[in-house]
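Novice: Just dropping this structure here.
The values are calculated or read from the model by the stated rules, or taken from the named source; none is laboratory data. Note that the structure is predicted; figures quoted are calculated from it, not measured. Note that each Cβ is placed from the backbone with ideal geometry, even for glycine, and that neighbours are counted across all protein chains shown. Side chains are part of the model used for accessible areas, which takes the heavy atoms of the whole protein and leaves out ligands, DNA and RNA. Shrake-Rupley method; radii C 1.70, N 1.55, O 1.52, S 1.80 Å.
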Amino acid sequence: VTAPFETRRGDAWIDRLLRRSPAQPLFRWRAARRLVVLAYHDVRDGDLFRAQMEHLARVARVVSADDVCCALRGEIELAPRSVLVTFDDGDRSVYQAGVPILQGLGLPAVVFIVAGLLDTDTPFWWVEAEALVGRVRPSNGHRGSPAEAVREMKRLPDAERREALAALRRAAAPEEIRTPQLRSEELRAMHASGIEIGNHTWSHPCLDRCDDAGVAEEVVRAHDALREVLGRAPRLFAYPNGNRDARVPPLLRELGYDACFLFDHRIGRFPPGDPYAVSRVRVNSTTSMDRFRIILSGLHPFVHRARGLS
Ligand SMILES: [Zn+2]
């Protein structure tokens, strides 16, 4: 993940203003001819997520991974106002709260899985690091917030990032932090219900911080594990944290992937110049309907960039 931008206090009135501004129909018109790819993480607010999906079902055409793959190969054209719904990391709330809502509305989606966490009680590393920093900080003299500590860890060479996490675990021992992750049978059930399962690496490092062997292992090991569980090789990949790395596309090509997704808060042209660099916009289940509408149109991403926030 990258923490999807928090809604800052005082932003709600800006969202409302933007949604009613003359720019919104213009941006909607432009977005209608592109593919909007929504990038969610968890489904914390089921009611709001349902409202978002109902809105999509009304105003957009929610397309499947199949549609997108065929369109990328030039076999079909996507209809205007096509939207692809994706989730990164495989948070259990997606299975528990999100999938029933999607199924109820008959909407397809893609879930990108951190394959090494399947069937474990190991938390996502950044969640664990934040919790551990919060716990050990008073005695260890760490400065800054736990979130800042995680941001710093993401910039470290990956071997150092792992060492830092191990040191935090030692400092906080013996209390481990456990998070039940998706089980294989849950993943298969999700897949059987029409959700496309994509590769999001084995352990979710920032790939641009890994050495060559690390990059290959993260991609290939996750690929093999998902194929083993699902009986079918994944064909979509999403960069952890959105960090692009030039060593990844050749691996994906060799493994037969159709597309690779960014986390750049953009609505790119479709078909994209490079199927291994498909833009996505960041959204979450707690996003207000005003904000949701201006994300869908591309107006929020535009203003967000203009304000220098991404
Ligand atoms: Zn992620």
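Novice: Can you grab the distance from the C-alpha centre of the stretch 259-310 to the C-alpha centre of the stretch 89-163, Å, no decimals?
Specialist: 21
Novice: Ignoring ligands, DNA and RNA, what accessible area per residue does the chain give at 1.4 Å, in Å²?
Specialist: Result: 46 Å² of accessible area for each residue.
Novice: Top mean-square fluctuation among Val43, Val99, Val59, Gaussian network model of the chain, C-alpha springs under 10 Å?
Specialist: Val59
Novice: Which whole-number percent gives the relative contact order of the stretch 189-250, counting Cα pairs below 8 Å spaced six or more residues apart?
Specialist: 44
Novice: Sticking with this one: Trypsin sites (Lys or Arg not before Pro), restricted to the stretch 93-163: which are DSSP loop and have at most 16 other Cβ atoms within 10 Å?
Specialist: Those satisfying the criteria are Arg143.
Novice: Summarise the accessible area of the stretch 248-293 (1.4 Å probe, protein heavy atoms) by the percent that is carbon and sulfur.
Specialist: 46
Novice: How are the alpha carbon pair distances in the stretch 139-193 distributed across 10 Å bins from zero to the largest one, expressed in percent?
Specialist: All Cα pairs, binned at 10 Å, distribute as 18, 35, 23, 20, 4 percent.
Novice: For a bin width of 10 Å, list the pair-distance distribution of the chain built from all Cα-Cα distances, rounded to whole %.
Specialist: 6, 27, 35, 24, 8, 1, 0
Novice: OK, next. Could you tell me what fraction of 2.2 N^0.38 Å the Cα radius of gyration of the stretch 185-310 comes to, as a two-decimal ratio?
Specialist: For the stretch 185-310, the normalised Cα radius of gyration is 1.16.
Novice: Write down Rg/Rh for the stretch 17-137, rounded to two decimals, with Rg from the C-alpha atoms and Rh from the Kirkwood relation over Cα pairs.
Specialist: Using only Cα positions, Rg/Rh for the stretch 17-137 is 1.06.
Novice: Based solely on its DSSP helices, what 222 nm [θ] is calculated for the chain when runs of n ≥ 4 H residues each add -39,500 (n - 2.57) and the sum is averaged over all residues, nearest 500 deg cm²/dmol?
Specialist: Result for the chain, helices only: -13500 deg cm²/dmol.
Novice: Can you tally the net charge around Ala189? Count Lys and Arg as +1, Asp and Glu as -1, for every other residue whose Cβ sits under 15 Å from the Cβ of Ala189.
Specialist: Spelling it out: positives minus negatives among the neighbours equals 0.
Novice: Then there's this: Taking the chain as the reference, fit the longest principal axis to its C-alpha atoms, fit the long axis of helix 46-59 to the helix C-alpha atoms, and give the angle between the two in degrees, 0 to 90, nearest 10.
Specialist: Between the helix axis and the principal axis of the chain, the angle is about 30 degrees.
Novice: On to the next question. Before anything else, pin down the relative contact order of the chain: Cα pairs under 8 Å, at least 6 apart, normalised by residue count, whole percent.
Specialist: On the way: 522 pairs, mean separation 79.0, N = 310.
Here the relative contact order equals 25 percent.
Novice: Just to be sure I understand: with springs between alpha-carbon atoms less than 10 Å apart, which residue in Pro80, Pro249, Pro205 has the highest mean-square fluctuation in the Gaussian network model of the chain?
Specialist: Pro80
Novice: If you fit an axis through the alpha-carbon atoms of helix 146-155 and take the longest principal axis of the Cα set of the chain, what angle between them do you get, 0 to 90°, nearest 10?
Specialist: 90
Novice: Sticking with this structure for a sec: For the chain, which longest stretch is free of loop sites, where a loop site is one of the GluC sites (Glu not before Pro) that DSSP puts outside H, G, I, E and B and that has at most 15 other Cβ atoms within 10 Å?
Specialist: 177-310
Novice: If you don't mind, another one. If you take the Cα atoms of the stretch 184-253, find Rg, then find the Kirkwood Rh from the mean of 1/r over all pairs, what is Rg/Rh? Each step should come with its number before you reach the end.
Specialist: Working: Rg = 12.4 Å, Rh = 12.5 Å.
My calculation puts Rg/Rh at 0.99.
Novice: Does anyone have the angle between helix 23-32 and the longest principal axis of the chain? Alpha-carbon axes, 0 to 90°, nearest 10?
Specialist: The angle comes out near 90 degrees.
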